[in-house]
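What follows is a set of notes on a single structure, which appears directly below.
The values are calculated or read from the model by the stated rules, or taken from the named source; none is laboratory data. What you see is a predicted model, and the numbers here were worked out from it, not measured in a lab. Because the Cβ atoms are built from the backbone with ideal geometry, glycine has one as well, and the counts that use them run over all protein chains shown.
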Amino acid sequence: MICLIVKPLFAPWRLLAEQSLLWHLPRDIPGVAAIEKDLARLEAGWHGEQELDFYLRSFPDERVRIFYDLRLSIEEQKFQIDTLLLTPNFLAILEAKNYSGTLSFLPDGQLVRIISGRREGFPNPLTQLSRQKYLLKKWLVNHQISVPAIESQVVIANPAAIIDNLSGMPSVNDFVTHAEQIPARIQCWFKKYPDKINEAALNVLEKQLLAEQIEDVPDVLEKFKIKTANLQRGVCCDHCRNYSMQRIYGQWACPFCGIRSQTAHEPMLLDYFLLFGRNMTNRQCRELLMVENRYLIPRLMKKMNIPIAGSGAGAGLYYKRPAHEIYETYYYQRRKNNITTKSR
Ligand SMILES: [Zn+2]
C-alpha cells in the first residue's frame, strides 16, 4: 500500500529552460549572473519539492492520490499548486519552501529570514496559500464539483530550518510545518474529515484535473531580455564547451579538444523546444545544429524517438517537444558536466 502518484514530480520546465539558456550564452553577455542567481533559487525550490516527495512516497496510504505541479486557470487567472493531495475525505494543498536559517513569522504578516546574522524579508507563503485555496475552490465550483474540505500547508523542506512563531499566531501553528511532519498531518486530516465522497466522483475529479493542465514552458528569452542572436548555435562539446563540433563519419568531432561523440547533438535538440517553442521543423533544426544535410535530421530524430507531426513527407512535417521525463535525464547529465568542466 503506497500513495498513488497521478502526476509525477519532474524538474520544473522553467528550471530546465534557464539551464538550457545558460548553456547557450557566452559567459561575457551581461545578464548571465542574474540568470545564474535565478536558476540557483529554482534549484533550491526543486530540492525542497523532492524532500517533500520523499516523505509522501514513504507514507503508506493508498487513499492518497498525489498531483505535482498542477497548473490550472479560472476566468483568465492562472494558478499553480506545487502539490495537491486528493483523497476521498479531503483535498490538501502543500506548498514546499526550501528556506534555511530561522524563519520568523511576524504578527503584521511579514516573513523574516535570519541567516548568519543577516535579516531578509520574504513574501509570506501563507498569503500565497490562501490565494491558491481560493482559486481552487472557484475552479471546483466552476466545474460544478461539490467542494470537499480543502486543507493547506506550507511545508518547510529543510529539516534544519527553524520555524519561529514567537507571537504564537494560530495561523502559523496550523499551517506551517516541516516536511517530516506531513504524514502525521495527513493522518489528522483523515480523522478530522470522516465523511467520504464516492469513488466515482473522485475519479471524475482526477480526470478533470489532468485534462485541464496548462503545460507551458515559460519564455526565458523574453524574461531575461536575451536576443536570439546572442545564443550560441552549433553542436556543443561537452568537454571544452566550444560550439564547433563537426559531423565526421557518423560522429561529432571537436576541432579544439579532439573529443568525439555519438550523442552531442541530443541536448541541443532538446534545448530547441525549451528556448524557441514546442515545435521544430527540419530547417530550424539544421540552423540550430549548423549542418546542411537535411537527410541527417530525420535519422537523428528517429534515434531519439522525438515525436513527429504535420502532414506530407517534407515541409509539412515538424517535430514536437518530447515528454518531460526525457528532459530530466539530460538535466542531471548537464549538472554533472557543469561541475566537472571549467568555464571558458
Ligand atoms: Zn571540445
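Taking the criterion of being surrounded by 15 or more Cβ atoms within 10 Å (Cβ to Cβ) and either outside the structural domain of N203 (by TED's automatic domain parsing) or free of Cβ contacts under 8 Å to residues at least 60 places away in the same chain (or both), the residues of the range 84-127 that qualify are L111, V112, R113, N124, P125, L126. Of all the criteria given as (1) among the charged types (D, E, K, R); (2) farther than 28 Å from P8 by Cα; (3) touching a His at 6+ places or on another chain (Cβ under 8 Å), the one not satisfied by D271 is (2). Among the residues making up the range 132-164, those that are exposed (fewer than 12 other Cβ atoms within 10 Å of the Cβ) and within 26 Å of the chain's Cα centre (by Cα) are P159, A160.
Scanning the range 197-227 for residues that are touching a residue at least 12 places away in the same chain (Cβ under 8 Å) and farther than 30 Å from L91 by Cα turns up V220, L221, F224, K225, I226.
So A253 passes all but one of these: (1) out of contact with any strand residue (DSSP E or B) (no Cβ under 8 Å at 6 or more places or on another chain); (2) more than 19 Å from L25 (Cα to Cα); (3) within 16 Å of the ligand (Cβ to nearest atom). Which condition number does it fail? If we test A253 against (1) out of contact with any strand residue (DSSP E or B) (no Cβ under 8 Å at 6 or more places or on another chain); (2) more than 19 Å from L25 (Cα to Cα); (3) within 16 Å of the ligand (Cβ to nearest atom), just (1) comes out false.
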